[in-house]
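I have placed the structure first, in the form of structure tokens, so that the comments after it can refer back to it.
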Amino acid sequence: MRIAKPRALFFLLLGISCVLILGVVLNAYSFGRSAFVAGNYKTARTWYLVAATLGNKRAQNNLANLYADGLGAAKNYVLAALLFQKAADNDLAAAKFNLANLYQDGKGVPQNTAKAVELFKSAAAQGDIESIFNLGQIYATGRSDFAKNPEQAITWYQKAAERGYASAQYNLGSIYSQGVDAPKDMLEAGKWFHKAAQQGHAKAEMDLGTMYAYGWGYDKDPAQALEWLVKAAAKPATAFKARQLMEMICGTNDIEMCRKLQ
């Protein structure tokens, strides 16, 4: 029976150790994700840092979010921006979106809406729907360093709305109902309000109920008005106004009875 020489045994153990260490390092992102889900943010930072150093773009993005949100340690927007930039350079749409928001707000980087738009467009080209929506918002309202462009706002809102993004559907409906940045078109407004309301968007439910109550774009239809207003009244943001309009439609009658009588 031959016994391994000390030198051979040393290299064998060293090799095994290297394999084990390599396995741990390669799984650093998964360890970081597990720690984050468990709420162990300091541990998550450590593992994400290992993975980020190895070039894992998701780890770079997630570590940046921890810095931006101040989870596991104090907030640090400068480090967050640097890490988002690394992940964005690695073509991660989520990182482009996050970095764009920092440029928009001037956190960790100089405020620069044009740079934010550039990043949002890059992420939008990869299908990121929140970036598409944010482009609509920027063009709809403008910024101190970026001109308002209603036509571009409608274009981007339309892209997000057609993909089912409720807030884009509502904002598009609002543009057509107000008739300021586009010709007033209550039927078009109602179409988009209806799509958003079907997804439970409180303001869309409120506005759609109002349209039916007053006959704006539709024939007056108290029953339809109440159907949507009851839903809007169940949500804090629109409860007061919806209840007022319901009482106007029903007078002193019980709301539920009134709905049955319509």
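Yes/no per residue for (1) among the aromatic types (Phe, Trp, Tyr); (2) loosely packed, with under 15 Cβ neighbours inside 10 Å:
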{"residue": "ASN90", "(1), (2)": "no, yes"}
{"residue": "ALA94", "(1), (2)": "no, no"}
{"residue": "PHE97", "(1), (2)": "yes, no"}
{"residue": "GLU118", "(1), (2)": "no, yes"}
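Yes/no per residue for (1) acidic (Asp, Glu); (2) open to solvent by 10 Å² or more (accessible area, probe 1.4 Å):
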{"residue": "ASP181", "(1), (2)": "yes, yes"}
{"residue": "MET186", "(1), (2)": "no, yes"}
{"residue": "GLU205", "(1), (2)": "yes, no"}
{"residue": "THR210", "(1), (2)": "no, yes"}
{"residue": "ASP219", "(1), (2)": "yes, yes"}
{"residue": "ALA223", "(1), (2)": "no, yes"}
{"residue": "ALA233", "(1), (2)": "no, yes"}
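Conditions first: (1) part of a helix (DSSP H, G or I); (2) open to solvent by less than 40 Å² (accessible area, probe 1.4 Å); (3) in contact with a Gly (Cβ under 7 Å, 6 or more places away or on another chain). LEU172 passes all but one, so which condition is the exception?
Answer for LEU172: the failing condition is (3).
Within the stretch 71-92, identify whether any single residue is farther than 19 Å from TYR41 by Cβ and of a type in the set (S, T, N, Q), and answer yes or no.
For the stretch 71-92, residues farther than 19 Å from TYR41 by Cβ and of a type in the set (S, T, N, Q): present.
Kindly provide the set of residues from the stretch 54-83 that are within 21 Å of PHE31 (Cβ to Cβ), loosely packed, with under 15 Cβ neighbours inside 10 Å and among the aliphatic types (A, V, I, L, M), ordered by number.
LEU54, ALA73, listed by residue number.
Spot the failing condition for ASN253; the list is (1) in a helix (DSSP H, G or I); (2) at pLDDT below 90; (3) open to solvent by 10 Å² or more (accessible area, probe 1.4 Å), and only one is missed.
Failed condition: (1).
Among the residues of the stretch 235-250, write down those that are surrounded by 15 or more Cβ atoms within 10 Å (Cβ to Cβ) and among the polar types (S, T, N, Q). Step through it out loud before you land on a result.
Residues of the stretch 235-250 that are surrounded by 15 or more Cβ atoms within 10 Å (Cβ to Cβ), as a first pass: 235, 238, 241-243, 245-246, 249-250.
Residue satisfying the conditions is THR238 alone.
The values are calculated or read from the model by the stated rules, or taken from the named source; none is laboratory data. Because the structure is a prediction, the values reported are computed rather than measured. Here Cβ is always computed from backbone atoms with ideal geometry, including for glycine, and neighbour counts include all displayed protein chains. Each accessible area value is taken on the protein alone, full model and side chains, heavy atoms only, with ligands, DNA and RNA left out. Shrake-Rupley method; radii C 1.70, N 1.55, O 1.52, S 1.80 Å.
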